[in-house]
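Encoded as structure tokens, the structure appears first; notes follow it.
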Amino acid sequence: MKKLKLGMIGGGEGSFIGAIHRNAALLDNCYELTAGSFSSDFKNSQLTGKKIHLDSNRVYKSYDEMLDYESNLEEEDRIDVISIVTPNHLHFDPAIKSLDKGIPVIIDKPMTFDSDQAKKLCDKVEESGIPFAVTHTYTGYPMVKEARSIILEGKIGKIRKVAVEYPQGWLSTMLEKGDNKQASWRTDPSKSGKAGSMGDIGTHAANMVEYVTGKKIIKLFSKVNVFVDGRMLEDDGNVLLSLEDNIEGNLMTSQIASGEENDLKVRVWGERGGIEWKHSDPNTLILKLSNSPNQILRAGVDNSYLSDFALAHCRTPSGHPEGFIEAFANIYRNFAYSVLSYRGKKQSDPIYDYPTVHEGHRGMKFIDAVIESSEKSKWINI
């Protein structure tokens, strides 16, 4: 089958994540990047297009121009999927316009600027049936898939407690007052939304909890903090969680944890044991069963003791690391299968899952609840 034609909005020169998305999309030969509006600065877009050897006629001054022109091309020539990798406040408009033109969307998180926009995207996707993915990347790791499989099969018994943490240290100083573009928009409420660390990395942590347990967060109690004087959005926070089925937990995010990089870590405990996974060692999942030695499970395409769910997302031989781009690529590949299924060209298979518009909406509701709870010092339902 022909590759899906991919168009990209955002991700130009100086972008934090654009090249990661492009590399991930191309890893499985499911896509070819054929069009882009990479920046509001057309010279930046042109430079980006030139560097990635894109036809200059398919590099557009704006996403509106791209969507209008591409949607009028013959079906075999036009873009099949849009990837949106802009800052938060520039997510909704290109996403809803792409859906209006019948184009499937894969978008960075948080999905939108606020939950009202997220609800509109949900409604549009439900009405149209058009595939829509959100890059909660960490769920793409094979050993996170294995953790979910172990838990849902009941190997550690009924879940009682979950703990997730995501510390970073990169915002320990006032980077936004300098020329750091990423720090500037991520700490600006007019671009990032109502949350800082809880929107940027807290949504990943909350998504991880719901993904591996298969249970939704139903209420929370939070306290968020601003440690760097003059910062407009919180850079640290702690959240108590209550999930379905009387599961209790806690969530911590911090972007002022000096010396930390991106050490997302999740632990889940049930009646008969627990699991532990961390991003700093993504190939490893620790299974802790009562009255037994800890088991160290490792990713790898020839590890027959892993579930089919995990093995379907393994790419490298045992002993070789599964990386961040590979986790991204699993989402892009699985989404490609979904798009092909939507068009009747491939049968869908639930083993190739990905975060959908509903997970994106959950993330925005999580942000709302965290900020409201911290302001009112009370439990808030999600």
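In the chain, Cα pairs under 8 Å separated by at least six residues give a relative contact order of 19 percent. Between residue 316 and residue 53, the contour length at 0.36 nm per residue exceeds the alpha carbon distance by 91.8 nm. Two numbers describe the Cα atoms of segment 244-352: Rg and Dmax, which are 17.1, 51 Å. Starting from the Cα gyration tensor of segment 69-228, take the square roots of the eigenvalues, sort them a ≥ b ≥ c, and report rounded, prolate or oblate (rounded when a/c is under 1.5, otherwise prolate if a/b is larger than b/c, else oblate). Oblate is the answer for segment 69-228, as a/c is 1.5 or above yet b/c matches or exceeds a/b. Taking a ≥ b ≥ c as the square roots of the eigenvalues of the Cα gyration tensor of segment 331-382, is the shape rounded (a/c under 1.5), prolate (a/b larger than b/c) or oblate? Prolate, since a/c reaches 1.5 and a/b exceeds b/c. Computed about its Cα centre, the charge dipole of segment 178-297 is approximately 260 debye, with only Lys, Arg, Asp and Glu carrying charge at their Cβ. Note on the chain: helix-only mean residue ellipticity at 222 nm, from DSSP H runs of 4+ residues weighted -39500 (n - 2.57) and normalised by residue number, equals -10000 deg cm²/dmol. Of 301, 202, 168, which is farthest towards the positive pole of the chain's charge dipole, taken about the Cα centre with +1 and -1 on the beta-carbons of Lys, Arg and Asp, Glu respectively? The listed residue farthest towards the positive side: 301.
By DSSP, the beta bridges lying fully in segment 252-354 are antiparallel in about 100 percent of cases.
Per-residue packing, averaged as other Cβ atoms within 10 Å, sorts the ranges 24-30, 89-95, 249-255, 285-291 into the order 249-255, 89-95, 24-30, 285-291, beginning with the highest.
Starting from the Cα gyration tensor of segment 13-126, take the square roots of the eigenvalues, sort them a ≥ b ≥ c, and report rounded, prolate or oblate (rounded when a/c is under 1.5, otherwise prolate if a/b is larger than b/c, else oblate). Judged from the Cα gyration tensor, segment 13-126 comes out prolate (a/c at least 1.5, a/b above b/c). Spatially, segment 11-35 and segment 214-270 are offset by 30 Å when compared through their Cα centroids. Between residue 218 and residue 32, the simple label model (points 7 Å from Cα in the Cβ direction) yields a spacing of 5.1 nm.
Subtracting the Cα-Cα distance of residue 378 and residue 225 from their residue separation scaled by 0.36 nm leaves 53.5 nm. Potential lengthening of the chain between residue 100 and residue 244 amounts to 48.3 nm, from the contour at 0.36 nm per residue minus the alpha-carbon distance.
DSSP assigns beta bridges within the chain; of those with both partners inside it, close to 60 percent run antiparallel. Against the set (i) 20.5, 65; (ii) 21.2, 71; (iii) 19.0, 55, the structure's computed Rg and Dmax of the Cα atoms in Å falls on (i). Averaging the Cα positions of each part gives two centres, and for segment 154-186 and segment 46-110 these lie 29 Å apart.
In the chain, taking the dipole from charged Cβ atoms about the Cα centre, the farthest positive-side position among 282, 4, 213 is held by 213. Take the Cβ atoms of residue 346 and residue 307, set R0 to 30 Å, and the FRET efficiency comes out at 0.85.
Readers should treat all values here as calculations from the given coordinates under stated rules, not as data from a laboratory. Everything quoted here is computed from the prediction, not taken from an experiment. Don't worry about glycine lacking a Cβ; one is built from the backbone with ideal geometry, like all the others, and counts go over all protein chains shown.
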